[in-house]
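What follows is a single structure, written as structure tokens, with notes after it.
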Amino acid sequence: MGKYNKITVVHIGDFLGYPPVISLIENLLHHHVKVDLISSTEAHRIPVIMQNNSDFNYICVPYDLGSGLKSRIVRVFLNRKTIRETVAASMKTSDILWTTTDVAIKVLGEQLFEYKHVMQLMELIQRFPHFTNIKALDFPIDEFGRKAYKVIVPDLDRAYIQQAWWDLKEVPTVLPNKPYSINRGEISETTQVALDKIKTETRKILLYSGVITPERNIGEFAAAIRNREDCVLYVIGKSLSGETYLNKLLDENPNIVYLGYHTAPSHLEFIQYAHIGLTPYVPTHSNLHPIINALYCAPNKIYEYSAFGVPMVGTNVLGMLGLLRPFEQYNIGRCTKDMTPESVLECVEYIDEHHDEMSKNCLKFFEKDNLDKIVQDIIEG
């Protein structure tokens with residue numbers, strides 16, 4: 001990748017929870033670009049394939065993001081000095097500083113102006129922090145966007161929105177939330193037990209992979225196929241609503257099989273057994289991001305399912321263009337009109353009837369974006 005020998009990537013939080021960060025690192029390492037990754041993931045959890053790569057250097061700066069706004073916005077700044085010193089040391093031999101979280105911008109602050117800064121945004125951000133209406137407390141994140149070498153977003157709609165919000169001279173570069181590889185990494189004993197269970201399933205599997213909350217309508221999907229003896233709903237992920245909600249969900253829906261939580265990238269191993277993948281994204285008012293962030297969602301799940309030729313059922317609430325547009329344009333999935341069992345079942349039956357064609361379309365969709373060229377263009381200008 002040209003003249004760039006080393007890139008420092010800063011991710012505030014656990015980078016293993018962000019597949020686009022994993023994809024970026026895999027991409028850079030594949031092209032023999034040296035990478036310093038500064039994050040808070042415990043060192044023993046780093047994928048072996050990264051640990052064994054001589055171009056990869058992991059620097060752990062531990063801190064607890066915890067739960068709630070206070071933890072996310074305030075507690076992280078207790079380690080600001082350590083993070084800034086770590087970045088300064090790394091950048092003595094790096095060509096580019098690449099940030100992947102909005103919090104990282106505030107933590108590093110004006111230090112970013114000293115370097116060639118690539119700002120990768122995982123979410124749409126108009127102002128920061130979003131949870132307060134007191135503009136006097138706003139951090140001028142838009143200024144950092146205007147002064148960055150490149151601003152990166154995962155979707156073209158988001159690129160134009162972000163440009164308008166921040167008055168950027170250039171439209172941000174689109175780097176899709178696509179896995180760089182389908183390397184599933186090391187398989188733990190727990191994951192292997194779950195895989196042994198799903199691979200022996202004889203019914204058609206509807207698969208949900210992600211956070212488990214009421215907003216994801218998992219119960220509604222289960223209700224839709226309750227009378228379909230040839231179908232079953234498998235769920236993998238972590239309940240953000242506590243064990244009580246999860247247990248109630250399972251008790252009320254005997255056609256749900258819960259396989260537990262499995263970290264990226266091993267979660268990809270389950271997708272190959274799915275008949276249909278579920279991508280329920282419901283716009284909700286968030287303290288951290290505006291509702292338009294969900295309307296123009298850019299879920300990596302679309303790429304994860306399509307990599308294995310798995311058609312999808314998604315939600316079309318309030319015009320979810322992030323799902324509806326690729327589903328219709330490439331015929332890789334169907335969006336429900338609403339979350340009634342009848343509407344969901346209609347989508348399932350449509351995919352059943354057109355599964356072979358849609359599966360082939362999914363594979364074509366996955367191959368259409370050349371991540372190598374996009375990342376090369378970003379770092380070489």
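Report, by residue number, each residue of the stretch 194-218 that is touching a residue at least 12 places away in the same chain (Cβ under 8 Å) and over 23 Å from the mean Cα position of the chain (by Cα). Reasoning before the result, please.
Residues of the stretch 194-218 touching a residue at least 12 places away in the same chain (Cβ under 8 Å): 194-195, 197-199, 201, 203-218.
Of everything in the stretch 194-218, those that are touching a residue at least 12 places away in the same chain (Cβ under 8 Å) and over 23 Å from the mean Cα position of the chain (by Cα) turn out to be K197, I198, K199, E201, R203, K204.
Assess whether D142 counts as being modelled with pLDDT under 90, in the same structural domain as L108 (by TED's automatic domain parsing) and of a type outside the set (A, V, I, L, M). Before the answer, list the steps.
Numbers: modelled with pLDDT under 90: no; in the same structural domain as L108 (by TED's automatic domain parsing): yes; of a type outside the set (A, V, I, L, M): yes.
Here the answer is no, as D142 does not meet what is asked.
Going by what's in this entry, would R158 be described as in contact (Cβ under 8 Å) with a residue 60 or more places away in the chain and more than 23 Å from P280 (Cα to Cα)? Let's see the steps before the verdict.
Values: in contact (Cβ under 8 Å) with a residue 60 or more places away in the chain: yes; more than 23 Å from P280 (Cα to Cα): no.
It is false that R158 is in contact (Cβ under 8 Å) with a residue 60 or more places away in the chain and more than 23 Å from P280 (Cα to Cα).
Within the stretch 336-381, restricting attention to residues that are farther than 30 Å from H31 by Cβ and of a type in the set (S, T, N, Q), which residue is surrounded by the fewest Cβ atoms within 10 Å (Cβ to Cβ)?
Top of the filtered list is T340.
When the residues of the stretch 1-18 are narrowed to those that are in a helix (DSSP H, G or I) and surrounded by fewer than 22 Cβ atoms within 10 Å (Cβ to Cβ), which ends up modelled with the highest pLDDT?
Taking the stretch 1-18 and keeping what is in a helix (DSSP H, G or I), we get 15-17.
Adding the requirement that they be surrounded by fewer than 22 Cβ atoms within 10 Å (Cβ to Cβ) leaves 16-17.
Numbers: L16: 89, G17: 86.
Ranking the qualifying residues of the stretch 1-18, first place goes to L16.
Give me the residue from the stretch 22-56 that is at pLDDT below 95, in a helix (DSSP H, G or I) and among the hydrophobic types (A, V, I, L, M, F, W, C) and, out of that set, nearest to G381 (Cα to Cα).
I22
I'm checking my understanding of the structure. Among residues of the stretch 238-260 that are in a loop (DSSP other than H, G, I, E, B) and at pLDDT 95 or above, which one is nearest to K197 (Cα to Cα)? Full working, then the answer.
Taking the stretch 238-260 as the starting set, the residues that turn out to be in a loop (DSSP other than H, G, I, E, B) are 238, 240-241, 253-255, 259-260.
Now restrict to residues that are at pLDDT 95 or above: 253-255, 259-260.
Details: N253: 19, P254: 16, N255: 15, L259: 9, G260: 12 Å.
Per the criteria, the residue is L259.
Got a number for residues in the stretch 304-326 being modelled with pLDDT of 85 or more and surrounded by 24 or more Cβ atoms within 10 Å (Cβ to Cβ)? I'd like the intermediate steps shown before the answer.
Looking only at the stretch 304-326, we keep the residues that are modelled with pLDDT of 85 or more, and these are 304-314, 326.
Filter once more, keeping what is surrounded by 24 or more Cβ atoms within 10 Å (Cβ to Cβ): 304-306, 310-314.
Selection size over the stretch 304-326: 8.
The values are calculated or read from the model by the stated rules, or taken from the named source; none is laboratory data. None of these values were measured; they are calculated from a predicted model. Neighbour counts are summed over all protein chains in view; Cβ atoms, including those assigned to glycine, are modelled from backbone coordinates with ideal geometry.
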